[in-house]
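Remarks on the structure that follows.
Derivation of every value follows stated rules applied to the coordinates shown; laboratory data play no part. Keep in mind that this is a model prediction, so the values were computed, not measured. Heads up, the Cβs are rebuilt from the backbone with ideal geometry, glycines too, and the neighbour counts pull from every protein chain shown.
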Amino acid sequence: MRQLFEVSARRPGRLPVLAAVLLLTLLLGACSNGSVLSTNADDGPGTNTVPWDYRIQAGEVGDLVGSDMTLLPDNELLPNDANYATGQKVWTLQSMSAALTTDDQGRNDVQLSGWTTLKSYPDEAAAQADLENLKVSVTTDVDVVGVYRTAYNGETRSFAVVELPSGNRIKQPVDDARYGKLKDAKTASVVLEEVHDFADYDLAYAKFRGWAN
């Protein structure tokens, strides 16, 4: 059976909208709501840590401990930079990272971290504004390498292989209508989600989020 992850040593120099994506472009091989990884062949074996996801959580200030505060319900200790009072409702921005380990055959293993609280906010709107800057949706055209079908026990599955701006090739399952549309196509429009690092905005990776049309 063909490997799910396909790699390419080519690095196209176009699509400037994604030039800020310095790390590997990642995507899901089975659906568009998550990601598994395809690594660039030039990078070789090794482990990289990349920003993976963000979320907003609501909480309540508990005890004040010097210049810190406990945040309920998990009793997490955080800096009380905004001088919150006990009982005050706050929102926090939390992050998750991923350690990507690539073997010498280009296969990848993904280890997700736990959620880490980065910052507190007095209202949800301020937290949401930061979140929208850290997770950015981008629509762009990518090269279509080809499409193919497999058959097993009377069932047929169709796949499309596309090359992303990083030079990585990925394989996506497609339905019959998409198969017919891509069969003779040279390019396809896709939606990517750029996830930026909170401490270093230029450090980012992209998740495949679906076909644009």
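Structure notes:
- Cut-off 14 Å, label 7 Å out along Cα→Cβ of Ala58, residues of region 73-116 by amide N: 73, 88-92
- Applying 0.36 nm per residue to the separation of Arg149 and Phe198 and subtracting their alpha-carbon distance, the gain on full extension is 13.6 nm.
- Per-pair calculated FRET efficiency, R0 = 41 Å: Asp74 and Arg178 via Cβ, rounded to 0.05: 0.40
- Its Cα centre serving as origin, region 53-122 has a Cβ charge dipole (Lys and Arg +1, Asp and Glu -1) of approximately 240 debye.
- Think of each Lys and Arg Cβ as +1 and each Asp and Glu Cβ as -1; about the Cα centre, that makes the dipole of region 86-213 roughly 480 debye.
- Only alpha carbons enter this Debye calculation for region 66-175, each as an equal point scatterer, and the log10 of I(q)/I(0) it gives at q = 0.16, 0.17 Å⁻¹ is -0.93, -0.98.
- Two-site label geometry, Val65 and Ser189: point separation in nm, points 7 Å out along Cα→Cβ: 5.3 nm
- Contact order normalised by residue count of region 156-213, Cα under 8 Å, 6+ apart, percent: 25 percent
- FRET efficiency, Gln94 to Asn48 (Cβ-Cβ, R0 30 Å, nearest 0.05): 0.90
- Shape class of region 60-125 from the Cα gyration tensor (axes a ≥ b ≥ c, square roots of the eigenvalues): prolate, since a/c reaches 1.5 or more and a/b is larger than b/c.
- Orientation-averaged projection of region 130-173 equals 4.6 nm² [convex hull of Cα atoms, one quarter of hull surface area].
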